[in-house]
Amino acid sequence: MECVVCSSAMAQASSWRYRCRECGFEQSTLQAGAGRGVDGLETLRRTNFRRLVDHLKLLMPLSGLRCLEVGCAEGWFLDALSGTGVMVSAIEPSEMAVTTAARGYEVIQGFFPEALPPGSQYDLIVWNDVFEHLPDPKAALWACETHLSQGGWLVLNLPNSDGVFYRIAKAAAKVGWSGYLDRMWQKDFVSPHLTYFSASNLPRFVARQSQLELQSQFRLPSLTKEGLKERLAASHPGLLGAVLATMLRIALPALRWLPADAMVFVFRKPG
């Protein structure tokens, strides 16, 4: 298996996971799918989407932009854009496209980019926790560049393989407890992760495969006090979830100083 970032040979890290020793990029052989991922994330994601929109306002005038979100799910990011003057549309392969469209949003049901209208152009294309699920990130990036207008913006919001929780999960897997790492990859979910980039190799990947230029990168919290109990209850019901929630609330201040498990990268097409 060849690394999509640097073309080095990937080393096998497990029966289904490979890692590039040169740049740290990771890839799985899990089966791609379409559907909702982890339960209990609504509060966290709505909060992070508001943070993301606030950051975008500092980079560009949002009013009047034609925005496409790829993989809109329930439409939480579209909600965060409400009131900014952005002309929003989305594409979603699962049945959630129907329910989100019923809320008044323009949503195409299908896969990116095949389901897009021919020749469609956007000033802003956003991927929120979706890019890591793609079987061919190179083709997706090329399609983004094609469908971006001159001077258009690409936003990739995705997990970071240098994040503290991901590192803990890998350390646990080395001593025989792989359940946490399996969970990080959403291994037995309908739509598992197929790739894991880092804060260093993702910009390298985009620079190698496109003309898009990095404008900004920043972290998003992977845990917040709000909604934490509900999130853990979805995966660890009962007493265990309550204990974990208490422990993580205590640890939250320290996490701000540790490598983030969620990163946002903002690129721009020359124009």
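The values are calculated or read from the model by the stated rules, or taken from the named source; none is laboratory data. These numbers come from a predicted model, not from an experiment. Cβ coordinates were reconstructed from backbone atoms using ideal geometry, including for glycine residues, and neighbour counts include every protein chain displayed.
Kindly establish whether L212 is out of contact with any helix residue (DSSP H, G or I) (no Cβ under 9 Å at 6 or more places or on another chain) and surrounded by 14 or more Cβ atoms within 10 Å (Cβ to Cβ). So L212 does not fit the description; no. Filtering the range 8-22 to residues that are assigned to a loop (DSSP other than H, G, I, E, B) and touching a Lys or Arg at 6+ places or on another chain (Cβ under 9 Å) leaves S8, A13, W16. Restricting to the range 34-53, and then to whatever is part of a loop (DSSP other than H, G, I, E, B) and loosely packed, with under 15 Cβ neighbours inside 10 Å, can you tell me which residue is modelled with the highest pLDDT? Once the filter is applied, the top-ranked residue is G35.
Kindly evaluate E22 against the criterion of being more than 21 Å from A140 (Cβ to Cβ) and touching a Cys at 6+ places or on another chain (Cβ under 9 Å). Break it down into steps so the answer makes sense when it comes.
On the way: more than 21 Å from A140 (Cβ to Cβ): yes; touching a Cys at 6+ places or on another chain (Cβ under 9 Å): yes.
So E22 fits the description; yes.
For the range 113-135, taking the residues that are in a loop (DSSP other than H, G, I, E, B) and within 15 Å of the chain's Cα centre (by Cα), the one that is nearest to E2 (Cα to Cα) is identified as P135. Does T99 qualify as being at negative phi and either among the charged types (D, E, K, R) or in a helix (DSSP H, G or I) (or both)? Considered against the rule, which asks whether it is at negative phi and either among the charged types (D, E, K, R) or in a helix (DSSP H, G or I) (or both), T99 comes out as yes. Per the listing S149, S178, the residue uniquely of a type in the set (S, T, Y), farther than 23 Å from L30 by Cα and either over 18 Å from the mean Cα position of the chain (by Cα) or surrounded by 17 or more Cβ atoms within 10 Å (Cβ to Cβ) (or both) is S149. The number of residues in the range 54-80 that are under 20 Å from Q109 (Cα atoms), in contact with a strand residue (DSSP E or B) (Cβ under 7 Å, 6 or more places away or on another chain) and part of a helix (DSSP H, G or I) comes to 2. Looking at (1) in contact with a strand residue (DSSP E or B) (Cβ under 7 Å, 6 or more places away or on another chain); (2) on the phi > 0 side of the Ramachandran plot, find the lone condition where S161 falls short. The one condition S161 does not meet is (2). Applying the set (1) under 15 Å from the mean Cα position of the chain (by Cα); (2) closer than 19 Å to P270 by Cα to R204 leaves exactly one unmet item: (1).
Restricting the first member to the range 31-57 and to residues that are more than 21 Å from D182 (Cα to Cα), and the second to residues that are surrounded by fewer than 16 Cβ atoms within 10 Å (Cβ to Cβ) and at pLDDT 80 or above, the beta-carbon pairs closer than 8 Å and six or more apart or on different chains are H55/S216; H55/F218. Return a yes/no flag: does the range 174-197 have any residue that is modelled with pLDDT of 95 or more and among the basic types (K, R). Within the range 174-197 (the criterion being modelled with pLDDT of 95 or more and among the basic types (K, R)), the answer is no, since none of the residues qualifies.
Name the one entry in L232, L156, L240 that is modelled with pLDDT of 65 or more and among the aliphatic types (A, V, I, L, M).
L156 is the lone residue from the list that is modelled with pLDDT of 65 or more and among the aliphatic types (A, V, I, L, M).
Remark: pairs (first residue in the range 94-107, of a type in the set (K, R); second residue in a loop (DSSP other than H, G, I, E, B); Cβ separation under 7 Å; 6+ apart in sequence or on different chains) = R103/G75.
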